[in-house]
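So the structure is just underneath, and the comments pick up after that.
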Amino acid sequence: MTQEPTFQLPPAMSTFAARYDETYYFIYWLSVLLFVGIIGAAAYFVWKYRRRPGVDAEPTGHNAILEASWTIAPIIILAVMFHVGFRGYLDMAIAPGNALEVRVRAWQWGWDFEYPNGAHSNDLKVPVNKPVKLIMSSNDVIHSLFVPAFRIKKDVVPGMYTTVWFEATSTGETDLFCAEYCGKDHSAMMRKVFIVTDDEFQKFLEESSGPPSGMSTEDWGKKIYGEKCKSCHSLDGSKVIGPTFKHVWGEMVTMTNGEIVKVDENYVRESILDPLAKVVAGYPPVMPTFKGTLGDKEIDALIKFIQTVK
Ligand SMILES: [Cu+2]
């Protein structure tokens, strides 16, 4: 659920927000209390011990219990503040292992978000109720990714990677800023974050993927092969972990259960999405499924490419 913004804080749309806001208000109200207490006491003493005719100043003694308590009490309060802050910092620093990884590029002046299937976007799109880890770098100067509603902010630095993670708790949209003054159009680095359901997110991935501009479908298939399949499938006839792709298109292949299958669109597609449905005789059933990592367009490109491996 979106928590409405308050006078001081933006809407709360991530799992971090509740604890973050509690810590903020704890420190805030403590500061108010100390301000009122200290200034109030000072004002009262200024009035009480004002100079009056006939009253002489006397040396004030000293009070060991009072002095010890105003030393020890702040130490305890500061230790509590440190503890709460440090725990929150650790939780925010380390993303859960199952987090969706999105690569972030910042430059003067814009953002690019790249998703696991190679899709790109200029606004950040994420699924609701799922941890998302941003792996960020910059092409030029230092920028900083800031999403107030998620309570996250992290510098984006050239020549290194920084990471930050969050889990959105409600669908909707919110703002993303650059929070590090980075030149003339720094303020133009404002983008949207769209938080959508898992289904909508998968649909977005499918739709926004496709070959990089200027690349043919076939070459794109070859590129995906190089990234995802090459370690197990050769192009030159040699047996690696899985069968070679050389001449495989149109072949009749024997499965472990004796079934003979023709290598066509449907078979390749099934092999990619559900590798255990048909296992080639003589090979271990070790191929991972690419369901969720490869969309229809990628699978079509791979098929196009496999057809050409002669
Ligand atoms: Cu910037």
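The values are calculated or read from the model by the stated rules, or taken from the named source; none is laboratory data. Computed from a predicted structure; not experimentally measured. Note: ideal-geometry Cβ built from the backbone for every residue, glycine included; neighbour counts use all protein chains shown.
Could you grab me the full set of residues in the stretch 275-286 that are at pLDDT 90 or above and not aromatic (Phe, Trp, Tyr)? Full working, then the answer.
First, pick out the residues of the stretch 275-286 that are at pLDDT 90 or above: 275-285.
Passing the criteria: PRO275, LEU276, ALA277, LYS278, VAL279, VAL280, ALA281, GLY282, PRO284, PRO285.
Identify all residues within the stretch 201-253 that are of a type in the set (A, V, I, L, M, F, W, C) and farther than 23 Å from PRO288 by Cβ; write none if there are none. Let's see the steps before the verdict.
Keep residues of the stretch 201-253 that are of a type in the set (A, V, I, L, M, F, W, C), which gives 201, 204-205, 215, 220, 224, 229, 232, 235, 240-241, 245, 248-249, 252-253.
Once the filter is applied, which keeps residues that are of a type in the set (A, V, I, L, M, F, W, C) and farther than 23 Å from PRO288 by Cβ, the stretch 201-253 yields PHE204, MET215, MET252.
Cβ-Cβ distance below 8 Å, separation of 6 or more or different chains: which pairs start in the stretch 61-79 with a residue that is in the same structural domain as THR23 (by TED's automatic domain parsing) and end on one that is modelled with pLDDT under 95?
ILE77/LEU30
Quick one: which residue in GLU22, GLU101, GLU58, GLU4 is exposed (fewer than 13 other Cβ atoms within 10 Å of the Cβ) and modelled with pLDDT of 90 or more? Can you show your working first?
On the way: GLU101 fails: exposed (fewer than 13 other Cβ atoms within 10 Å of the Cβ); GLU58 fails: modelled with pLDDT of 90 or more; GLU4 fails: modelled with pLDDT of 90 or more.
Unique residue meeting the criteria: GLU22.
Quick one: GLY118 ticks every box in (1) over 17 Å from PHE194 (Cβ atoms); (2) surrounded by fewer than 21 Cβ atoms within 10 Å (Cβ to Cβ); (3) more than 16 Å from the ligand (Cβ to nearest atom) except a single one, so which number is it?
Against the list (1) over 17 Å from PHE194 (Cβ atoms); (2) surrounded by fewer than 21 Cβ atoms within 10 Å (Cβ to Cβ); (3) more than 16 Å from the ligand (Cβ to nearest atom), GLY118 comes up short only on (2).
Restricting to the stretch 168-185, name every residue that is buried (at least 19 other Cβ atoms within 10 Å of the Cβ) and not polar (S, T, N, Q). It would help to see each step written out before you state the result.
Applying the first criterion (buried (at least 19 other Cβ atoms within 10 Å of the Cβ)) to the stretch 168-185 yields 168-169, 174, 176, 178, 180, 182.
Scanning the stretch 168-185 gives ALA168, LEU176, CYS178, GLU180, CYS182.
Is it the case that ASP236 is modelled with pLDDT of 90 or more, of a type in the set (Asp, Glu), surrounded by fewer than 16 Cβ atoms within 10 Å (Cβ to Cβ) and touching a strand residue (DSSP E or B) at 6+ places or on another chain (Cβ under 9 Å)?
Working: modelled with pLDDT of 90 or more: yes; of a type in the set (Asp, Glu): yes; surrounded by fewer than 16 Cβ atoms within 10 Å (Cβ to Cβ): yes; touching a strand residue (DSSP E or B) at 6+ places or on another chain (Cβ under 9 Å): no.
For ASP236, the condition - modelled with pLDDT of 90 or more, of a type in the set (Asp, Glu), surrounded by fewer than 16 Cβ atoms within 10 Å (Cβ to Cβ) and touching a strand residue (DSSP E or B) at 6+ places or on another chain (Cβ under 9 Å) - is not met.
Every residue in the stretch 161-184 that is within 16 Å of the ligand (Cβ to nearest atom) and touching a residue at least 12 places away in the same chain (Cβ under 8 Å), please. Can you show your working first?
Initially, the stretch 161-184 is screened for residues within 16 Å of the ligand (Cβ to nearest atom), giving 162, 164, 175-184.
Matches in the stretch 161-184: THR162, VAL164, ASP175, LEU176, PHE177, CYS178, ALA179, GLU180, CYS182, GLY183, LYS184.
For the stretch 43-55, how many residues meet the condition of being surrounded by 10 or more Cβ atoms within 10 Å (Cβ to Cβ) and either hydrophobic (A, V, I, L, M, F, W, C) or in a loop (DSSP other than H, G, I, E, B) (or both)? Walk me through how you get there before you give the answer.
As a first pass, look at the stretch 43-55 and keep what is surrounded by 10 or more Cβ atoms within 10 Å (Cβ to Cβ): 43-45, 49.
Okay, now just the ones that are also either hydrophobic (A, V, I, L, M, F, W, C) or in a loop (DSSP other than H, G, I, E, B) (or both), so 43, 45, 49.
Matching residues across the stretch 43-55 total 3.
Please go through the stretch 55-105 and pick out each residue that is within 18 Å of THR15 (Cβ to Cβ) and basic (Lys, Arg).
Listed by number, the list holds a single entry, ARG87.
Answer with yes or no whether ALA57 is of a type in the set (Gly, Ala, Ser) and either farther than 26 Å from LYS223 by Cα or free of Cβ contacts under 8 Å to residues at least 40 places away in the same chain (or both). Before you say what the answer is, go through the steps one by one.
On the way: of a type in the set (Gly, Ala, Ser): yes; either farther than 26 Å from LYS223 by Cα or free of Cβ contacts under 8 Å to residues at least 40 places away in the same chain (or both): yes.
Yes.
Within the stretch 95-130, work out how many residues are within 17 Å of GLU167 (Cβ to Cβ) and free of Cβ contacts under 8 Å to residues at least 12 places away in the same chain.
1
Can you pull out the residues in the stretch 7-19 that are aromatic (Phe, Trp, Tyr) and surrounded by fewer than 17 Cβ atoms within 10 Å (Cβ to Cβ)?
So the first thing to find is which residues in the stretch 7-19 are aromatic (Phe, Trp, Tyr), and the list is 7, 16.
Listed by number, the list holds a single entry, PHE7.
Test of understanding: among GLY221, GLY226, which residue is in contact (Cβ under 8 Å) with a residue 60 or more places away in the chain and not assigned by TED's automatic domain parsing to the domain that holds THR171? First the steps, then the outcome.
Working: GLY226 fails: in contact (Cβ under 8 Å) with a residue 60 or more places away in the chain.
Criteria check complete, one pass: GLY221.
Out of the residues in the stretch 132-150 meeting the condition of being touching a helix residue (DSSP H, G or I) at 6+ places or on another chain (Cβ under 9 Å) and more than 9 Å from the ligand (Cβ to nearest atom), tell me which one is nearest to LEU100 (Cα to Cα).
Applying the first criterion (touching a helix residue (DSSP H, G or I) at 6+ places or on another chain (Cβ under 9 Å)) to the stretch 132-150 yields 143, 149-150.
When the remaining residues are screened for being more than 9 Å from the ligand (Cβ to nearest atom), the result is 149-150.
Numbers: ALA149: 19, PHE150: 16 Å.
Within the stretch 132-150, the match that is nearest to LEU100 (Cα to Cα) is PHE150.
Restricting to the stretch 163-172, name every residue that is assigned to a loop (DSSP other than H, G, I, E, B) and hydrophobic (A, V, I, L, M, F, W, C). Spell out how you get there, then give the answer.
Of the stretch 163-172, the ones assigned to a loop (DSSP other than H, G, I, E, B) are 169-171.
None; the set is empty.
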